[in-house]
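The values are calculated or read from the model by the stated rules, or taken from the named source; none is laboratory data. Predicted model only: the values in this text are computed from it and were never measured. Using ideal geometry, Cβ is built from the backbone for each residue, glycine included, and neighbour counts are taken over all protein chains shown.
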């Protein structure tokens, strides 16, 4: 008994000593972390995680669309990702008559699966360190522009060779700001069909009210199937295609998780900025984020007003609203987190440590003596340009008619050319027609007119001295700050807010018609903003950015010299990564503890709250949960819904599989807690928690709620009693 007790004490002590691990690690280099991972509970090898010679877990991971992750959970190409990642597909298939957003969608067989034009999944074939070959193309003492040109040329050559005449897609990505380079070779599958989507009362339960928050009770998942040709190779959509057979897929766990269980997130994180200096962090906190929050607050108020009055508008703007709200709430949380961590002062203290190392190690640090002052001087030039660039995107590009009108700029340019080939002009015309059809399907002009008025007013008032675009100067001279009158005039005269007028022009288009486009007030305004931003903001900003890239390349190399025993992880850049941690709660504020799990009881509690539309659930869901029809997916008397763990994640990790120590699928990552949103810049192991849907809840929804047992039959379900 005494021996057993002592053993238990040792185990509990070892668990308590394991801290959350910062970092998003390259799978091909994961052997450097494998001992730590195995000490935390990983039971498989580095070769199991990533292998170029045989099947490994990386073969079950895909980039879903352009900005999410997905995972294969059957040998028949069944793919799971987040409901919010596939939300645009659900919306495009929805109408007032077939409201899949509200009711959900489930294909009872292959014939009912819905194709999705333009949707792709990208599968990594291999990654290769090509640093030496890329840097051989550069010369010592090159200026930054020549350096970047040499790197770009070498990278293109390496990538072109790897494409094998179109069999693969390939690209070379820089790491540590250009100290290292890796080749990534991909296969892209183009026939992806929608299989199952829970209703929004499950997949989007909590909505914007709960976004970035814990506790959560959201079934944020949906199912697709990837199709291929008879040789299992990528193919355009065809009824003759067959389900893709992945080299690896994940068994789906029905096992109940426990606190401190090992967790691993495997996916395609977007971007982190771990190595930013204090000047950059201060700009983000004090200028960039507050401006974005202010503008998006007003956009969301306009959307809410109109969506509440019409089901048609609600469906049209559901995905747009979610997109605007997501970043808005993240920026609020990011600023709160950075302030709590005293991020600016922490960065300055680290920089002082760097300066001290230079002074104490003259042989190693002499080359870096003026580095931080160069950073400061460069940011003094860069930040105003960056602010103007972000202001354009927030106040200009968030007006829908602006974005739409800009899509006519190439058509106008081609039409002006006397010797343009007919087929080139016709191809561009067809692209614009397709864009117009997609645009007007989900466009409500009264919303956009109000957005134009509001954002134009902000654009004028928030522009820095000397950086007001000429088009806005014209508005100010003619209308003062009466931007409502300006927006009313634009919408009363522009063809681009009317599907009938736009399609009439395009259906009868002649090259000489470019003059009609150029006279259109919406086109003139949008094109003027765009031209000014490119020439007066983006171009000079890119030149300064090149300087910053050069400084960061030197800085990160210097940090490795200063801390030679530190295992530095490269910033996320859209490439495949592994992060690891454990199931654990946190103490976000004084007197508050976050428990690691939520259950179905919390869904019913929230659903009972009056007047919170985001907590509305269907009668069927309510009945099943109240009667505790949990079946084999119960954890004791409860049904686990979501859990939090200490994995380092960011945008792009949405849809990433969460795996246990054996490589089983135990959940799908979909969010971070609000206290974690600063982790792109500064990671706090005590607070940073990612939020996932429990695999038990996913299995329950598919089986008990949707009645789609055939989908479970093709999965390998692990841990069922």
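A compact table of results
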item: Single residue of 638, 660, 671 found to be in contact with a strand residue (DSSP E or B) (Cβ under 7 Å, 6 or more places away or on another chain), surrounded by fewer than 21 Cβ atoms within 10 Å (Cβ to Cβ) and in contact (Cβ under 8 Å) with a residue 12 or more places away in the chain; result: 638
item: Residue 655 being part of a loop (DSSP other than H, G, I, E, B) and crowded, with 24+ Cβ neighbours inside 10 Å; result: yes
item: Residue count, the stretch 381-404 (criterion: in contact with a helix residue (DSSP H, G or I) (Cβ under 8 Å, 6 or more places away or on another chain) and over 30 Å from residue 439 (Cβ atoms)); result: 4
item: The stretch 44-59, subset free of Cβ contacts under 8 Å to residues at least 12 places away in the same chain and either in contact with a strand residue (DSSP E or B) (Cβ under 7 Å, 6 or more places away or on another chain) or surrounded by fewer than 17 Cβ atoms within 10 Å (Cβ to Cβ) (or both), residue farthest from residue 662 (Cα to Cα); result: 53
item: Evaluation of residue 230 against (1) surrounded by 18 or more Cβ atoms within 10 Å (Cβ to Cβ); (2) free of Cβ contacts under 8 Å to residues at least 40 places away in the same chain (one fails), failing number; result: (1)
item: Residues of the stretch 431-465 that turn out to be touching a helix residue (DSSP H, G or I) at 6+ places or on another chain (Cβ under 9 Å) and closer than 30 Å to residue 541 by Cβ, as a count; result: 18
item: Of residues in the stretch 690-716 being over 23 Å from residue 621 (Cα atoms) and touching a helix residue (DSSP H, G or I) at 6+ places or on another chain (Cβ under 9 Å), the one surrounded by the most Cβ atoms within 10 Å (Cβ to Cβ); result: 690
item: Of the criteria (1) in contact with a helix residue (DSSP H, G or I) (Cβ under 8 Å, 6 or more places away or on another chain); (2) assigned to a helix (DSSP H, G or I), which one residue 286 fails; result: (1)
item: Qualifying residue in the stretch 83-101 (condition: closer than 30 Å to residue 129 by Cα and touching a strand residue (DSSP E or B) at 6+ places or on another chain (Cβ under 9 Å)); result: no
item: Any hit, the stretch 9-24, residues being part of a helix (DSSP H, G or I), modelled with pLDDT of 95 or more, in contact with a strand residue (DSSP E or B) (Cβ under 7 Å, 6 or more places away or on another chain) and surrounded by 21 or more Cβ atoms within 10 Å (Cβ to Cβ); result: no
item: Residues within the stretch 264-282 that are more than 21 Å from the chain's Cα centre (by Cα) and under 24 Å from residue 658 (Cβ atoms), tallied; result: 0
item: Output for the stretch 82-122, where each listed residue is under 17 Å from the mean Cα position of the chain (by Cα) and within 30 Å of residue 164 (Cα to Cα); result: 119, 120, 121, 122
item: Residue check, residue 177 within 30 Å of residue 336 (Cβ to Cβ) and either touching a residue at least 60 places away in the same chain (Cβ under 8 Å) or assigned to a strand (DSSP E or B) (or both); result: yes
item: Check on residue 430, within 20 Å of residue 530 (Cβ to Cβ) and either in contact with a strand residue (DSSP E or B) (Cβ under 8 Å, 6 or more places away or on another chain) or in a helix (DSSP H, G or I) (or both); result: no
item: Residue in the stretch 230-255 that is farthest from residue 698 (Cα to Cα), counting only those that are touching a helix residue (DSSP H, G or I) at 6+ places or on another chain (Cβ under 9 Å) and assigned to a loop (DSSP other than H, G, I, E, B); result: 247
item: Search result, residues across the stretch 78-100 that are crowded, with 22+ Cβ neighbours inside 10 Å and either outside any loop (DSSP other than H, G, I, E, B) or not assigned by TED's automatic domain parsing to the domain that holds residue 651 (or both); result: 78, 79, 80, 81, 89, 90
item: Counted residues, the stretch 129-173 - those being free of Cβ contacts under 8 Å to residues at least 60 places away in the same chain, loosely packed, with under 13 Cβ neighbours inside 10 Å and in a helix (DSSP H, G or I); result: 5
item: Restricting the stretch 60-77 to residues that are over 10 Å from residue 250 (Cα atoms), surrounded by fewer than 23 Cβ atoms within 10 Å (Cβ to Cβ) and touching a residue at least 24 places away in the same chain (Cβ under 8 Å), the residue that is nearest to the chain's Cα centre (by Cα); result: 67
item: Single residue of 426, 431, 406 found to be surrounded by fewer than 20 Cβ atoms within 10 Å (Cβ to Cβ), within 24 Å of residue 483 (Cβ to Cβ) and outside the structural domain of residue 87 (by TED's automatic domain parsing); result: 406
item: Matching entry among 291, 307 (being touching a helix residue (DSSP H, G or I) at 6+ places or on another chain (Cβ under 9 Å), within 30 Å of residue 613 (Cα to Cα), outside the structural domain of residue 651 (by TED's automatic domain parsing) and surrounded by 20 or more Cβ atoms within 10 Å (Cβ to Cβ)); result: 307
item: Test: residue in the stretch 584-601 that is exposed (fewer than 13 other Cβ atoms within 10 Å of the Cβ), under 24 Å from residue 103 (Cα atoms) and touching a residue at least 12 places away in the same chain (Cβ under 8 Å); result: no
item: Meets criteria (in a strand (DSSP E or B), touching a helix residue (DSSP H, G or I) at 6+ places or on another chain (Cβ under 8 Å) and not assigned by TED's automatic domain parsing to the domain that holds residue 303) for residue 215; result: no
